Every structure is written in C-alpha cells, then in structure tokens.
Amino acid sequence: MKIKILCVGKIKEKYFTDAIEEYTKRLGRFCKTEIVEVAECTAYKTDLSASEIDKIKKSEGKDLLARIEGFGICLDIGGKQLASEELASKIDEIKNTNSVITFVIGGSFGMDDSVKNACKLKISFGKCTYPHQLMRVILCEQVYRAFMINSGSAYHK
C-alpha cells in the first residue's frame, strides 16, 4: 500500500520538515509514503481580484490533477469531518480495493473545484483554517494514528 500526499509549495521551516519526516518514518512499517510537491503560484501583491485567485487555483489544480493516483481524498474545509477512528476505518476500507491513497492539500488560496471533483472523498479537520504547511504535519500524524488504530496499538488513547 502507498500513501501519497500531494501538496502545493515547499516546506521552508525545519520544525515542520522534522515532524513530517518523523511521521513518514513511523509510517514505513505500514506503507510506502510519498510526498509530492507541486509549484506554488506566487503572487506578489496582496489585493488580488477574484479572477486572479481563480487563475492561480486553476494553474495549481492542473498540476495536482495530473498527479492524483488511486483513491483521491482532498482536504477541504467543507468536507466531511471524521473522528480518528472513522478515518482509520475509511483507510482500512479503501486499502482493500486500492493500492494507492492520494491525499491532496491545496495551496494558500485554496483548491480548484476540478481537483475537489476528481477526488472520491472530501474530508475536513474542522472549521479552522490552518497554514497548508502545518496541515501536512497534522495529516501525517492522523494517517499514522489511523494505521496504529488499525493495528490495535495503544498509541491512540
């Protein structure tokens, strides 16, 4: 089984990189983990129009769409909120019919609807907005937690 995390932009902060590396190392006993970064469309002005933001999301979305494999799950604030046990159950269910699960995290302007529509499941980690770099850490921890739950480990209390 392979877990693919598809995201926009690069991580610059070492503390985020360290945390992601730790969780992907831990995940190694359960699955292969691949993190794929697509280029972030940088905007040098802060007062972008709605059409300029749409262009950015479409450009990033095109790159994301080309890299989704297997069962696509996008992280979307409007998606279904799952408890850790529910996510574990969903991953266990999906891995019976798919060898790859691709989690998709959009960029700082959000995710184009074409990407959301291409994914078979939309999940939310709550109504709060998180920086997309931090969301990678949270996602890695929750995927690791899901595998630990499914293995019967005491990690999940």
| Candidate set from the range 117-157 (those that are under 11 Å from Asp76 (Cα atoms) and β-branched (Val, Ile, Thr)); member that is surrounded by the most Cβ atoms within 10 Å (Cβ to Cβ) | Ile123
| message | Out of the residues in the range 42-67 meeting the condition of being touching a residue at least 12 places away in the same chain (Cβ under 8 Å) and of a type in the set (Val, Ile, Thr), tell me which one is surrounded by the fewest Cβ atoms within 10 Å (Cβ to Cβ). | response | Ile53
| request: May I ask you to verify whether Ala88 is at negative phi, exposed (fewer than 14 other Cβ atoms within 10 Å of the Cβ) and small (Gly, Ala, Ser)? | output: no
| task | Evaluate the following for Thr129: is it closer than 26 Å to Phe30 by Cα and either of a type in the set (A, V, I, L, M, F, W, C) or out of contact with any Cys (no Cβ under 7 Å at 6 or more places or on another chain) (or both)? | result | no
| message | List the residue pairs whose Cβ atoms are under 7 Å apart, where the first residue sits in the range 25-38 and is under 21 Å from Ser151 (Cα atoms) and touching a residue at least 24 places away in the same chain (Cβ under 8 Å), the second is among the hydroxyl-bearing types (Ser, Thr, Tyr) and buried (at least 17 other Cβ atoms within 10 Å of the Cβ), and the two are 6 or more positions apart or on different chains. | response | Arg26/Tyr144; Leu27/Thr33; Leu27/Tyr144; Thr33/Thr24
| Condition met for Glu60 (closer than 22 Å to Ser153 by Cβ, of a type in the set (D, E, K, R) and part of a helix (DSSP H, G or I)) | no
| task | Name, by its number, the condition in (1) touching an Asp or Glu at 6+ places or on another chain (Cβ under 9 Å); (2) surrounded by fewer than 18 Cβ atoms within 10 Å (Cβ to Cβ); (3) within 20 Å of Gln142 (Cα to Cα) that does not hold for Ala39. | result | (3)
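Read-outs throughout are calculated quantities, based only on the coordinates presented, and are distinct from any laboratory measurement. This is a predicted model, so every value here is computed, not measured. Backbone-built Cβ (ideal geometry, glycine too); neighbour counts: all protein chains shown.
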